[in-house]
Amino acid sequence: MSVLYIRQPDGSHEKVPVTPENTRSYIESIPLYAEDDDPLFWPADRVREMQDEMLNRELDWVFEGHDYYKRTFKDGGIERGDIKGLDDLEKLPLTYKKDYMADADSFKLKPAEPTLYDWIFEVTYTTGSTTGMPTPFWNTIHDAHGIWQMLFRGIKLGGFPPYARGINLFPLGPVPHIGFFRARDIGMLGIGSLNMYGCTGMPHPEFPVHRSMDYAMDLIEGGKAEVWLGIASFMRRLIMKAELEGRDFSETKHIQALGEACPQAMRDDMKKRLQNMGAEDPFISNSYGFTEMQGALPECTDFSGCHNPAPNLYFFEVVDEETGKRVPDGERGLFCITHLNRRGTVLLRYVIGDLGALTHETCPHCGRTSERAVVAVGSTYATRTAELVKLKGTLINPEILRDGLAKTPGVQEYQIIFDKKDKDDPYSLDDLIVKIAPEDGFDRAKIEEEVQSKMVSAVEMRAKVEFVAMEEIYDPTVALKAYRVIDMRPKLD
Ligand SMILES: [Zn+2]
């Protein structure tokens with residue numbers, strides 16, 4: 001259970017459950033939160049009016065200096081006057097990752113009269129796509145300020161304990177992705193937060209600044225870390241290693257597991273292990289984030305849905321894959337973002353590449369009115385469209401297999417492999433292999449039986465189950481994330 005930490009005059013904290021009333025008290029207890037005219041609590045019509053205004057200004061900028069959309073709109077016969085607000089947005093075509101990747105520079109705004117705030121502040125890169133090539137995403141000084149405001153409101157929404165000791169467990173990777181750097185900014189903007197940095201990641205031998213997982217564990221233990229940010233599977237590996245070593249992680253209160261889905265069973269597992277290391281009741285939260293929003297949509301409590309932390313910056317919609325039209329709340333479709341207030345890279349109706357669903361209902365937990373991404377599959381918010389695979393001729397969603405495996409008792413880590421029965425014959429039957437690193441003390445035959453029955457009900461085929469050592473599946477010193485689904489089959493056109 002997640003709780004809110006309401007600071008008392010003597011510096012101690014009162015822990016209260018997340019309810020709309022307690023959320024108000026929590027905000028009132030922190031002057032910077034109370035002073036913030038936070039659009040996440042505004043009534044829907046006031047938000048819509050503000051968003052229409054923002055969109056109109058952004059479109060003026062786009063028609064003035066956005067090469068890609070100027071060209072696309074001209075080709076499509078779309079004029080500035082055709083789009084007066086969000087209701088007209090559906091007249092614009094969807095923008096796909098391949099369009100943006102083909103010419104990222106043409107998505108960068110080139111204003112006629114740039115000011116200081118239009119100078120490039122930084123560039124971050126999208127994570128590996130299907131082609132494996134990262135794409136640059138430019139933030140101007142103006143954009144950086146907007147991002148900081150979004151992160152501030154995200155911290156407020158996530159109920160981070162004020163005056164907490166935090167640790168950034170994202171890898172300091174060779175390519176600047178948002179993980180490490182936005183977690184750094186969260187450290188900067190948190191109320192009175194003191195921050196530590198694990199600095200793990202791929203070494204650059206000439207400048208040996210990178211550090212080991214053991215160093216990160218020492219920081220958590222010695223520095224009494226309360227709030228952690230990092231990639232879900234990396235933090236789980238770290239927790240498992242620390243548990244074996246009998247570390248004292250008793251101060252851990254709040255974990256932001258990011259970068260990938262963190263289903264219920266994985267959260268339960270992390271929580272149980274942390275409790276074995278002395279933590280009282282840690283909140284394992286899974287925010288849904290991506291480069292094109294430079295942050296994440298946070299949860300206010302377990303599975304509350306992921307709230308839009310910045311309705312003044314972003315408009316989200318879920319659209320039908322075929323028609324590009326918006327689908328009703330709760331229905332699954334392509335998750336899209338439209339930038340409402342950006343001066344660097346600007347995207348309109350951009351298809352993130354995930355299938356998800358939205359709700360516009362006021363959050364029953366915290367009382368916020370901004371839209372939320374809701375659980376789309378099993379206990380995860382979004383599933384990569386690219387991850388839908390054909391297995392024996394049927395389109396399946398590996399997320400369902402993943403969900404089933406993660407929930408099987410005794411499965412410590414796993415990997416799902418799609419292969420061919422005859423490796424020399426690309427047309428031979430598909431094979432499903434499930435590698436499992438079992439937990440000690442569990443009956444392997446029982447694990448296998450349970451896994452088989454789950455595979456059969458999910459994809460109507462039996463799997464080859466192999467029990468392996470953990471290192472064979474996931475070595476955190478090499479890989480950023482655990483690769484849980486691998487398709488070994490040759491690509492056929
Ligand atoms: Zn909420």
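The values are calculated or read from the model by the stated rules, or taken from the named source; none is laboratory data. Keep in mind that this is a model prediction, so the values were computed, not measured. Note that each Cβ is placed from the backbone with ideal geometry, even for glycine, and that neighbours are counted across all protein chains shown. Just the protein is used for accessible areas: all its heavy atoms, side chains included, with ligands, DNA and RNA removed. Shrake-Rupley method; radii C 1.70, N 1.55, O 1.52, S 1.80 Å.
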Would you confirm whether or not the range 56-68 contains a residue that is crowded, with 17+ Cβ neighbours inside 10 Å and in contact with a Pro (Cβ under 7 Å, 6 or more places away or on another chain)?
yes
Here's a check for you: in the range 133-186, which residue that is surrounded by 20 or more Cβ atoms within 10 Å (Cβ to Cβ) and of a type in the set (Gly, Ala, Ser) is nearest to ARG24 (Cα to Cα)?
GLY159
Within the range 278-303, which residues are without any contact (Cβ under 8 Å) to a residue 60 or more places away in the chain, open to solvent by less than 10 Å² (accessible area, probe 1.4 Å) and either in a loop (DSSP other than H, G, I, E, B) or within 16 Å of the ligand (Cβ to nearest atom) (or both)?
ALA279, PRO282
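Condition check ((1) modelled with pLDDT of 80 or more; (2) in contact with a Phe, Trp or Tyr (Cβ under 7 Å, 6 or more places away or on another chain); (3) open to solvent by less than 20 Å² (accessible area, probe 1.4 Å)) across all residues:
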{"position": "VAL411", "(1), (2), (3)": "yes, no, yes"}
{"position": "ILE436", "(1), (2), (3)": "yes, yes, yes"}
{"position": "VAL451", "(1), (2), (3)": "yes, no, yes"}
{"position": "GLU471", "(1), (2), (3)": "yes, no, no"}
{"position": "VAL485", "(1), (2), (3)": "yes, no, no"}
Residues that are touching a Lys or Arg at 6+ places or on another chain (Cβ under 6 Å), at least 2 per element: which helices (runs of 4 or more DSSP H) completely within the range 1-107 meet that?
44-65
Residue in the range 198-206 that is of a type in the set (D, E, K, R) and part of a loop (DSSP other than H, G, I, E, B) present:
yes
Taking the condition of being within 16 Å of the ligand (Cβ to nearest atom) and in a loop (DSSP other than H, G, I, E, B), how many residues in the range 304-333 meet it?
7
What are the pairs with Cβ atoms under 7 angstrom where one residue, in the range 180-193, is assigned to a helix (DSSP H, G or I) and the other, located anywhere, is of a type in the set (Gly, Ala, Ser)? Sequence gap at least six, or different chains.
PHE180/GLY173; ARG182/GLY295; GLY187/GLY166; GLY187/SER193
Hits in the range 37-55 (condition: surrounded by 15 or more Cβ atoms within 10 Å (Cβ to Cβ) and within 16 Å of the ligand (Cβ to nearest atom))
ASP38, PRO39, LEU40, PHE41, TRP42, VAL47
Here are some residues: CYS366, CYS336. Which one is part of a loop (DSSP other than H, G, I, E, B) and open to solvent by less than 10 Å² (accessible area, probe 1.4 Å)?
CYS366
One residue from ALA104, ALA164 being in contact with a Pro (Cβ under 9 Å, 6 or more places away or on another chain), of a type outside the set (D, E, K, R) and either at positive phi or in contact (Cβ under 8 Å) with a residue 60 or more places away in the chain (or both)
ALA104
